[in-house]
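Everything on this sheet refers to the single structure shown next.
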Amino acid sequence: MDKDYNLITVLGPTATGKTKFGVLLAHKLNGEIISADSRQIYRKMDIGTGKDINDYYVQKKIIPYHLIDIKEPGYKYNVYEFQKDFLLVFNDIISRNKLPVLCGGSGLYIESVIKGYKLTEVPINQKLRDELEKINYDDLVKILKSYKKLHNKTDIDTKKRLIRAIEISQYYKTNPEKHIDYPEIKTFVFGIKFDRNTVKKRITQRLEYRLKNGMIEEVKVLLDLGIKPEQLIYYGLEYKYLTYYITGKIKYEEMCTKLNIEIHRFSKRQMTWFRRMERNGIKIHWLDGYLPIEKKIERALSLLEL
């Protein structure tokens, strides 16, 4: 097997133990973790995002990690910023003769860097938006189709997304793409996989634990710090439903039930994304989640022929 890789990627749906595995693998390979989690970048959002910083300690020594706690809560981070931040960290780790280990469950973030998407920060064009707002949904779809084939169905989920997609397409048409000095990413991808029912049980157990161990208080602190409810709701899942509960919009039992269901759905969407990555040519070496962590590491090292 070709050992010519400069990045290890560890992915999988939520609550499958990716971080602990990724950290131990990084320890074995003289590596450092680059988080691929769209919410762990925020400071003070720890329990709800599952940072589990204790997992980064191996034999009382911390494994270096990056792209965690880099923005204040309330900020709207995006995949363009992630790609730029990833490249800075990736190049830094490589320059120190260490191995980057990309670890997380945000499929879009992971795919954007291992596929080397050419992303450009597209500014808001308010005049164009105002004009498009007057046009009905079906005609907006026709306008977008005039720019490109609609591979990404999320572009047409809502009128707001349609307008943004047209705005981006119009920008690319009138502005030549900026050159990005993108390194050649050669990655070996591991996935952690359990059967669906086990993942659901793990999600429910983890949620119950977090609710009893400070997650509600964490959201209260964020609100007390002046973060607006709508800003927390924007981050979805735990922050959305806990904000609803704390602000009196729903009762505790309803919050628990709805949040549990939504995390299960989120997990299913993650697996759908990873399967699509496989169909598009990204080889994922799935590891049996039921194996003890030491056996998973042994299996990974074997696949890497180490």
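The values are calculated or read from the model by the stated rules, or taken from the named source; none is laboratory data. Small disclaimer: the values here were computed from a predicted structure and weren't measured. Glycine also receives a Cβ, built like all others from the backbone with ideal geometry; neighbour counts cover every protein chain displayed. The area values use the complete protein model at the heavy-atom level, side chains included, leaving out ligands, DNA and RNA. Shrake-Rupley method; radii C 1.70, N 1.55, O 1.52, S 1.80 Å.
Numbers for the structure displayed
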| read-out | value |
| --- | --- |
| Check on Gly281, on the phi > 0 side of the Ramachandran plot and either open to solvent by 60 Å² or more (accessible area, probe 1.4 Å) or part of a helix (DSSP H, G or I) (or both) | yes |
| Region 284-298, residues that are in contact (Cβ under 8 Å) with a residue 40 or more places away in the chain, open to solvent by 30 Å² or more (accessible area, probe 1.4 Å) and hydrophobic (A, V, I, L, M, F, W, C) | Trp286, Ile293 |
| Residue match in region 88-96 (condition: under 26 Å from Gly17 (Cβ atoms), among the acidic types (Asp, Glu) and not in a loop (DSSP other than H, G, I, E, B)) | no |
| Selection within region 38-73 - part of a strand (DSSP E or B) and either among the basic types (Lys, Arg) or within 13 Å of the chain's Cα centre (by Cα) (or both) | Tyr42, Lys61, Lys71 |
| Gly248 of a type in the set (Gly, Ala, Ser), out of contact with any Phe, Trp or Tyr (no Cβ under 8 Å at 6 or more places or on another chain) and over 24 Å from Asp55 (Cα atoms) | yes |
| Number of positions in region 1-31 that are over 30 Å from Leu232 (Cβ atoms), in contact (Cβ under 8 Å) with a residue 60 or more places away in the chain and not basic (Lys, Arg) | 12 |
| Any hit, region 40-61, residues being under 19 Å from Thr187 (Cβ atoms), in contact with a strand residue (DSSP E or B) (Cβ under 6 Å, 6 or more places away or on another chain) and open to solvent by less than 10 Å² (accessible area, probe 1.4 Å) | no |
| Lone qualifier among Thr272, Thr247 - being hydroxyl-bearing (Ser, Thr, Tyr), open to solvent by 70 Å² or more (accessible area, probe 1.4 Å) and at pLDDT 95 or above | Thr272 |
| Yes/no for Met271 being touching a strand residue (DSSP E or B) at 6+ places or on another chain (Cβ under 9 Å), under 28 Å from Pro73 (Cα atoms) and either without any contact (Cβ under 8 Å) to a residue 12 or more places away in the chain or outside any loop (DSSP other than H, G, I, E, B) (or both) | yes |
| Inter-residue pairs, beta-carbon under 6 Å, first within 11 Å of Ile34 (Cβ to Cβ) and in region 85-97, second not small (Gly, Ala, Ser), 6+ apart | Asp85/Leu67; Phe86/Val113; Val89/Ile34; Val89/His66; Phe90/Pro100; Ile93/Glu32; Ile93/Pro100 |
| Residue identified as part of a helix (DSSP H, G or I), under 17 Å from the mean Cα position of the chain (by Cα), charged (D, E, K, R) and surrounded by fewer than 14 Cβ atoms within 10 Å (Cβ to Cβ) among Lys145, Lys84, Lys76 | Lys84 |
| Region 3-37, subset assigned to a helix (DSSP H, G or I) and among the hydrophobic types (A, V, I, L, M, F, W, C), residue surrounded by the fewest Cβ atoms within 10 Å (Cβ to Cβ) | Leu24 |
| Scan of region 87-117 for residues that are closer than 22 Å to Lys51 by Cβ, of a type in the set (Asp, Glu) and open to solvent by less than 10 Å² (accessible area, probe 1.4 Å), ordered by number | none |
| Odd one out for Leu287 among (1) closer than 30 Å to Lys186 by Cα; (2) assigned to a helix (DSSP H, G or I) | (2) |
| Criterion violated by Tyr235 - all others in (1) crowded, with 19+ Cβ neighbours inside 10 Å; (2) free of Cβ contacts under 8 Å to residues at least 40 places away in the same chain satisfied | (2) |
